[in-house]
Structure formats: C-alpha cells, structure tokens
Amino acid sequence: TRSFGVAKSSRARLAPSCSGKCCRGRDLSCLTTGWRLDRVYGTCYCDEDCTGARDCCFDYSTECPARDCAVSEWSFWSGCAKLCQPSVRVRVRHVEQQPRNSGEACPGLEQRAGCREYRDHQGGHCGHDAGPAFITSMEFGKGRPKHDSYGNPLDPGFCVEFTLESRSPHCTVENRPHTHWMRYITAGFKVCVACEPPAMRNNSGSCQGDGQESDKYEAVLHWQAMGNPRCSGTWRKIRKTQQCSCPSQHSFVFI
C-alpha cells in the first residue's frame, strides 16, 4: 500500500521532488518526501501510477510531463489473403514513440477488412459461382481504380436499390474498425448498392447476386457482409438506377 504523509505548515520549502525520479508503471520505490498535490506534506511518488493513486509529488506534472504514444501512418492495404473467394486484407502501423508518464496509450496497430480478389495466381479472371451478393461499405469503392492500365476510363457501373427483408443479429455486434457499417443494415430500410468494376462481371453488365439474371423484382435475394460471414440476410430488388441516391450509411458496394 502507498504511504501517506502528514499535514505540515504551508511555509515548508517547496523543493523539487520528482526531478530525475520519473519512473515507469507502478514503482513503490519511486518516492521522496515533499508536498503532494493534495497539499499534504510527507511521502509522495513520482511513478506513472501516482496519478491514479492521487499521491503524486506537487511537481510531478512539470518534472515528468506526459508523453502520448505516437504511431506512424497506416501502410497500404495488403492483398486479399485468399484469391477468388471472400477473404480479408490487412494494414498496419508501428509505434514511433512509446507513451510515458501517464500519456495516452497506443492505439491498435493492425486493421482487417473484408475483400475479394478477381484474378487467380495465373492472372486469369476468377469464375463467378452462383451465390449471395457480397457487399461492403461504400468507402471501399472510393479506392477502386477508375481507369484501366492504359488510362482509359472504366465502366462507371450502376446502382441497384433494395428493400431489406431480414438480417442476422450478428450485424449489430461488430465493434472492429471497418465493420461499423454493418450496424446500419436494418430490416425494412431501403439500401443502395453500387455495381462497378472489378466486381462487375465481364460482358454481363451485372454483379454477383444483384438479381439481374431473372430481373424479377419480387424475388427474395440473399446478401452477405464482406468480412463477417455471420452478417447476412435477404432483400428485394426495387429498381436499377444510374447512380446511388441513398444516405451514406445505407449505401454499399458489391464486391
């Protein structure tokens, strides 16, 4: 347990207490005799735990200034862990300065997000199996190339509006970065989903699971959130439009 001091006349000399004594973590040997911040004279501490224990020496904050953790910028996203199927991509950052003296702790150093590659190891296009529509946040689409390798503009694609019929409860319990968008998938709402390269199938003018094959607007179709296979549900197609007009939280992209 921490040792507490005893009251003493305020005329006691305010000599430096923590000068050269700043310690990491909880260190019961990192003590001296002087004034505490609560105006009690006696044993006081200069370790990082003193702010929580409220027994810091009066000059702790000036002699041991807080230094927050500093991290680098995020790296570029990696490629998908698996080709031709739903998978994950990763980006990382590293610590440039460790926190000191009760400074802010370091944030997460790795983020994962759902993704899907469209070419195999030989560079050929992946086949499209019949299945649910794989969707992700509209933010993902902003990073997609708008021109081919020759500088020619790619097909801008189109938008499909759906009415959400159902969604699994697992969509609302996601707390990881890049999965918060799943919380906005709510039954009964209208959502917009963009179909654009490279998710757009070659020569077919459609994306997997968008319902274009039958063009039956009353058909119940299935969707699945990229990055969380347990977040899935059904929807009914309303119409196909040139551009998506739904609010940002209800706008997604096929992947």
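The values are calculated or read from the model by the stated rules, or taken from the named source; none is laboratory data. Remember, predicted model here, so these are calculated numbers, not experimental data. Reconstructed Cβ throughout: ideal geometry from the backbone, glycine too, with neighbour counts over all protein chains shown. The accessibility values were calculated without ligands, DNA or RNA, using every heavy atom of the protein model including side chains. Shrake-Rupley method; radii C 1.70, N 1.55, O 1.52, S 1.80 Å.
From the list Ser168, Ser251, which residue is surrounded by 20 or more Cβ atoms within 10 Å (Cβ to Cβ) and either more than 14 Å from Pro132 (Cα to Cα) or assigned by the TED database to the domain that holds Pro132 (or both)?
Step by step, each of Ser168, Ser251 is checked, and only Ser251 is surrounded by 20 or more Cβ atoms within 10 Å (Cβ to Cβ) and either more than 14 Å from Pro132 (Cα to Cα) or assigned by the TED database to the domain that holds Pro132 (or both).
Go through the stretch 50-75 and count every residue that is of a type in the set (D, E, K, R) and buried (at least 17 other Cβ atoms within 10 Å of the Cβ). Talk me through it step by step, then tell me what you get.
Initial filter on the stretch 50-75 (of a type in the set (D, E, K, R)): 54-55, 59, 63, 67-68, 73.
Next, only the ones that are buried (at least 17 other Cβ atoms within 10 Å of the Cβ) stay: 55, 59, 63.
Looking only at that region, the number is 3.
Quick check: is even one residue across the stretch 200-214 in the same structural domain as Glu139 (by the TED database), modelled with pLDDT of 85 or more and in a strand (DSSP E or B)?
Within the stretch 200-214, none of the residues are in the same structural domain as Glu139 (by the TED database), modelled with pLDDT of 85 or more and in a strand (DSSP E or B).
Hey, can you tell me all the residues within the stretch 99-121 that are more than 30 Å from Gln224 (Cα to Cα) and either free of Cβ contacts under 8 Å to residues at least 12 places away in the same chain or surrounded by 13 or more Cβ atoms within 10 Å (Cβ to Cβ) (or both)? Step through it out loud before you land on a result.
Filtering the stretch 99-121 for residues more than 30 Å from Gln224 (Cα to Cα) gives 99-106.
Correct list: Pro99, Arg100, Asn101, Ser102, Gly103, Cys106.
Please go through the stretch 181-196 and give me each residue that is part of a strand (DSSP E or B) and among the basic types (Lys, Arg), ordered by number.
Lys190
Report yes if some residue within the stretch 27-39 is outside any strand (DSSP E or B), open to solvent by 10 Å² or more (accessible area, probe 1.4 Å), β-branched (Val, Ile, Thr) and out of contact with any Pro (no Cβ under 8 Å at 6 or more places or on another chain); otherwise report no.
Scanning the stretch 27-39 turns up no residue that is outside any strand (DSSP E or B), open to solvent by 10 Å² or more (accessible area, probe 1.4 Å), β-branched (Val, Ile, Thr) and out of contact with any Pro (no Cβ under 8 Å at 6 or more places or on another chain).
Any chance the stretch 215-227 includes a residue that's out of contact with any helix residue (DSSP H, G or I) (no Cβ under 9 Å at 6 or more places or on another chain), among the polar types (S, T, N, Q) and either in a helix (DSSP H, G or I) or within 30 Å of Leu109 (Cα to Cα) (or both)?
yes
Within the stretch 139-163, which residues are among the basic types (Lys, Arg) and open to solvent by 70 Å² or more (accessible area, probe 1.4 Å)?
Those that are among the basic types (Lys, Arg) and open to solvent by 70 Å² or more (accessible area, probe 1.4 Å): Lys142, Lys146.
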